[in-house]
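The values are calculated or read from the model by the stated rules, or taken from the named source; none is laboratory data. None of these values were measured; they are calculated from a predicted model. Cβ sites come from the backbone with ideal geometry, for glycine too, and all protein chains shown count toward neighbours. For accessibility, only protein heavy atoms count, side chains too; no ligands or nucleic acids. Shrake-Rupley method; radii C 1.70, N 1.55, O 1.52, S 1.80 Å.
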Amino acid sequence: MICAQALASLTPDTLRIFDCRFNLADPSSGRRAYAGGHLPGAQFLDLEEDLSGPVTGRNGRHPLPDPCLLAAKLASLGVHAETQVVAYDDVGGMFAARLWWLLRWLGHHRVAVLDGGLHAWTNGGHALSTGAVLPRPANFHLHLHDSMKVDSDYVLNHLHTPDMVLIDARSPDRFRGDNETLDPVGGHIPGAVNRFFRDNLSPDGCFKQASELQEDFGRLIKGGDASHVILQCGSGVTACHNLLAMEVAGLDGARLYPGSWSEWCSDPTRPVATGPG
């Protein structure tokens, strides 16, 4: 996590900023917003074109991208081993956290999310730019950490066992199975508990203090080992927000179920629960 003031003080030589704005209801809006004004030097990455892979109908709405293709894309945009990457959006890190997690997955740990995003930048008196960015290609060394994620079989085989705490980042109504507009089946994975990702944020759109997040997630995992925690959501995007919040809280070791609910419910043989959980 990085604040706007700290970001403004960084020198651009080893810095790459990525605008991750996106709208699930209007997928082209992020690119239009970027063209209308972005942080100086920022480049745009699209959730569906760059930060997700092809959809098959059985692998979720936003499957993970091919790591080699994403590494090549990042290299073409100037990211190398010494690059400090900063991701931002305009919705409290909802989409920026996806890039944060993906870079960690690829083995690049010099990455942060701009706390408060675009609004924190402009509210701090910092200007936006509409200028084009001409990146200098670099060498990105891929060191994949597949242990950071689990698949649907892992989740199925660990349902209702003490060595898995499954946390769903969707809104409470979608978790219950109400008002489902994105996926064909409403409900949640049996045994999951709900932690709406927006509950990680203060009213100003910045992340809550570490002590508060630690208390919140501590209640969910009942003081257990964070390495037993599996994070999921609708399609593996906002679950990364909960992962980031857990790191801010000092609770390291949780893993992502990338396919999440949209993958889970695509197989009618997998169990489904409804209600508050």
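Here are some notes:
- Matching option when the condition is of a type in the set (D, E, K, R) and not in a loop (DSSP other than H, G, I, E, B), among Arg219, Arg270: Arg219
- The set of residues in the range 243-277 that are acidic (Asp, Glu) and either surrounded by fewer than 19 Cβ atoms within 10 Å (Cβ to Cβ) or over 13 Å from Cys233 (Cβ atoms) (or both) comprises Glu247, Asp252, Asp267.
- Search result, residues across the range 157-181 that are open to solvent by 70 Å² or more (accessible area, probe 1.4 Å) and modelled with pLDDT of 95 or more: Asn157, Arg176
- Of all residues making up the range 225-252, the number that are assigned to a loop (DSSP other than H, G, I, E, B) and closer than 21 Å to Asp199 by Cβ: 10
- When each of Thr238, Thr181 is tested for being over 19 Å from Leu99 (Cα atoms) and of a type outside the set (Phe, Trp, Tyr), the lone residue that passes is Thr181.
- Considering the range 74-88, and only residues there that are of a type in the set (Gly, Ala, Ser) and open to solvent by 20 Å² or more (accessible area, probe 1.4 Å), the residue that is nearest to Phe18 (Cα to Cα) turns out to be Ser76.
- From the list Leu7, Leu45, the one residue that fits, being at pLDDT 95 or above and farther than 18 Å from Gly236 by Cβ, is Leu7.
- Identity of the residue in the range 182-199, of a type in the set (Gly, Ala, Ser) and open to solvent by less than 40 Å² (accessible area, probe 1.4 Å), that ends up nearest to the chain's Cα centre (by Cα): Ala192
- Scanning the range 1-29 for residues that are assigned to a helix (DSSP H, G or I) and either in contact (Cβ under 8 Å) with a residue 24 or more places away in the chain or in contact with a helix residue (DSSP H, G or I) (Cβ under 8 Å, 6 or more places away or on another chain) (or both) yields Ala4, Gln5, Leu7, Ala8, Pro12, Thr14.
- Looking across the range 48-59, the residues that are open to solvent by less than 40 Å² (accessible area, probe 1.4 Å) and within 21 Å of Leu244 (Cα to Cα) come down to Asp50, Leu51, Ser52.
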